[in-house]
Amino acid sequence: MSIRLGVNVDHVATLRQARRAVYPDPATAAALAELGGAQQITLHLREDRRHIQDRDVRVLRDTVQTPLNLEMAATAEMVKVAYEHKPNMVTLVPERREELTTEGGLDANSQRESLRKIVKNLKDGDLPVSLFIDPDLDQVRASHKLDANQVELHTGRYCEARNQKDRQAELIRLVDAAKAAAKLGMRVAAGHGLNYQNVQPVAAIAEIEELNIGHSIVARAVLVGFERAVREMVELMHAARR
Ligand code: PXP
């Protein structure tokens, strides 16, 4: 099985919103990402609209040629947005206004009832659903019970591990969660905090079909250009798979 790169263009919008300007446009970045080998474009429409705006969802839906993955909170407002724009995948993520970025996975156990309704509502509209969860077997099983098509494993703790021993332990959690999810018939993605230094051990996990990466690619793109930043990430991922 090969591995795909989903490029998250949120932080192109972050740069634009820093000045409330009209540039840089995430749609331009998405086109360059596709030229560089991205096989999916990912965006997170946050409830506070701090980076991606409603207009971006519309423009990206019209212009992106690869599948579009919409990350969103599990709320009625966002379900309406998903119904309107029909992304190829909806990734449900936890959202807290004060956080700098998505800090942990969904709790598919304690939020079971509300998540069940939202997942069903989305799937009834032919919108496949991915749940962004911590690499934890209970969360994998709960996601399966919720009828998710896919799980996206949160790689934040792996990326933030301070030493080799902790990093290895986090990698094993990712491997175990990926295997369990695949065995239950779900597709497996992963992401958050991945960069050019730490991506390869995660990309080497055979059950993982997709990585969603944003911040490190946008940061490199500022210096070397978007297409090259994406191409370099794709090459690292494919090399890890060989
Ligand atoms: N996957 C999910 C579900 C996310 O919420 C994010 C951050 O928005 C990412 C991947 C990308 O994380 P990063 O920007 O750290 O690469």
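Some observations on this one:
- Of all residues in the range 159-193, those satisfying the criterion of being among the small types (Gly, Ala, Ser) and in a helix (DSSP H, G or I) are 169, 177, 178, 180, 181, 182.
- Unique residue being at positive phi and under 17 Å from the mean Cα position of the chain (by Cα) when the list is 6, 37: 37
- Residue ID - surrounded by the fewest Cβ atoms within 10 Å (Cβ to Cβ), chosen from residues in the range 51-102 that are charged (D, E, K, R) and within 16 Å of the chain's Cα centre (by Cα): 95
- Some residue of the range 120-138 being more than 20 Å from residue 8 (Cα to Cα), over 17 Å from the mean Cα position of the chain (by Cα), surrounded by 15 or more Cβ atoms within 10 Å (Cβ to Cβ) and within 16 Å of the ligand (Cβ to nearest atom): yes
- Flag if residue 141 is within 12 Å of the ligand (Cβ to nearest atom), in a helix (DSSP H, G or I) and in contact (Cβ under 8 Å) with a residue 12 or more places away in the chain: no
- In the set (1) in contact with a Phe, Trp or Tyr (Cβ under 8 Å, 6 or more places away or on another chain); (2) without any contact (Cβ under 8 Å) to a residue 60 or more places away in the chain, residue 233 fails one condition alone, (2).
- Looking only at the range 97-114, and only at residues there that are within 17 Å of residue 78 (Cβ to Cβ) and away from the ligand (no atom under 15 Å from the Cβ), the one that is modelled with the lowest pLDDT: 111
- Of the helices (runs of 4 or more DSSP H) that lie entirely inside the range 1-110, those containing 2 or more residues that are over 24 Å from residue 234 (Cβ atoms) and acidic (Asp, Glu) span 54-63, 76-85.
- Inspection of the range 201-224 identifies at least one residue that is within 30 Å of residue 123 (Cα to Cα), without any contact (Cβ under 8 Å) to a residue 60 or more places away in the chain and of a type outside the set (D, E, K, R).
- Cβ-Cβ contacts under 8 Å between residues 6 or more apart (or on different chains), taken from a first residue in the range 68-82 that is touching a residue at least 12 places away in the same chain (Cβ under 8 Å) to a second residue that is aromatic (Phe, Trp, Tyr) and within 14 Å of the ligand (Cβ to nearest atom), are listed as 71/132.
- When we screen 25, 10, 62 for residues that are closer than 17 Å to residue 220 by Cβ and of a type in the set (Asp, Glu), the only hit is 10.
- Residue among 73, 27, 33 that alone is more than 15 Å from the ligand (Cβ to nearest atom) and touching an Asp or Glu at 6+ places or on another chain (Cβ under 9 Å): 27
- Flag if residue 147 is of a type in the set (Asp, Glu) and in contact with a helix residue (DSSP H, G or I) (Cβ under 8 Å, 6 or more places away or on another chain): yes
- Scanning the range 148-170 for residues that are more than 18 Å from the chain's Cα centre (by Cα), under 14 Å from residue 192 (Cα atoms) and of a type in the set (A, V, I, L, M) gives a single hit, 161.
The values are calculated or read from the model by the stated rules, or taken from the named source; none is laboratory data. These numbers were taken from a predicted model, which means no experiment stands behind them. Cβ coordinates were reconstructed from backbone atoms using ideal geometry, including for glycine residues, and neighbour counts include every protein chain displayed.
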